[in-house]
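Only one structure is covered here, and it is reproduced in the block below.
The values are calculated or read from the model by the stated rules, or taken from the named source; none is laboratory data. All figures in this text were calculated on a predicted structure; none of them were measured in a lab. Heads up, the Cβs are rebuilt from the backbone with ideal geometry, glycines too, and the neighbour counts pull from every protein chain shown.
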Amino acid sequence: MGNICRSPMAHTFMEKLIADKGLSQSYHIDSAGMGSWHEGQPANTRMQETAGKHGLSIRHKAQTFKASFATEFDYIFAMDQSNLEDIHRVVGEKSTAKIMLFRVVDTQKDSEEVPDPFYGAAGFETVYTLIERNCRLLLAAIATNKL
């Protein structure tokens, strides 16, 4: 939504995962929100605290999704159906990227979506756990051309 909770955490975790595997030169990771109301702001303090508990530091500043991302990136992952629909609306037919939900390869899912913890509907720790598992699954699927 505003690029201060879920996607900055996924961005940060995926970059660490890639760096730990020595693949930083092979991948470019970024995140953006569909709304501009948090543009330039750091990640939500509760998400930063959760990241810190897991040895991560979110340095990302919120930005708004641009249609050009659909040709700059190979994959675009949305955290929920609403964002997925907005991405498709913004990019139209221009996309060369594969656009899908973030939990596309998660076989343990009770939902297709990563819940938004901002208003307390889901705990930040729960969201971290979903993001950690799905980043690992996505990287494995991408590395083996299974997406």
Confirm whether residue 71 is in contact (Cβ under 8 Å) with a residue 24 or more places away in the chain and surrounded by fewer than 14 Cβ atoms within 10 Å (Cβ to Cβ). yes
Is there a residue being among the hydrophobic types (A, V, I, L, M, F, W, C), in contact (Cβ under 8 Å) with a residue 60 or more places away in the chain, over 17 Å from residue 127 (Cβ atoms) and surrounded by 14 or more Cβ atoms within 10 Å (Cβ to Cβ) anywhere in the stretch 8-30? yes
Residue by residue through the stretch 1-52, note down the ones that are hydroxyl-bearing (Ser, Thr, Tyr) and more than 24 Å from residue 89 (Cβ to Cβ). 12, 24, 26, 27, 45, 50
What are the residue pairs meeting all of these: first residue in the stretch 94-107, first residue over 20 Å from residue 6 (Cα atoms), second residue charged (D, E, K, R), Cβ atoms under 7 Å, and 6 or more apart or on different chains? 97/74
Can you find even one residue in the stretch 66-82 that is in contact with a Lys or Arg (Cβ under 8 Å, 6 or more places away or on another chain) and among the small types (Gly, Ala, Ser)? yes
How many of the residues in the stretch 74-100 are of a type in the set (D, E, K, R) and touching a Phe, Trp or Tyr at 6+ places or on another chain (Cβ under 9 Å)? 3
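The rows are residues; the columns are (1) part of a helix (DSSP H, G or I); (2) modelled with pLDDT of 90 or more; (3) surrounded by 17 or more Cβ atoms within 10 Å (Cβ to Cβ).
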position	(1), (2), (3)
89	yes, yes, no
94	no, no, no
104	no, yes, yes
108	no, yes, no
116	no, yes, yes
126	yes, yes, no
In the stretch 90-130, anything of a type in the set (A, V, I, L, M, F, W, C) and within 26 Å of residue 70 (Cα to Cα) is listed as 90, 91, 97, 99, 100, 101, 102, 104, 105, 114, 127, 130
Keeping to the stretch 26-64, report how many residues are within 16 Å of residue 116 (Cα to Cα) and aliphatic (A, V, I, L, M). 6
Selection count, the stretch 31-56, where residues are touching a residue at least 12 places away in the same chain (Cβ under 8 Å) and within 25 Å of residue 143 (Cβ to Cβ): 5
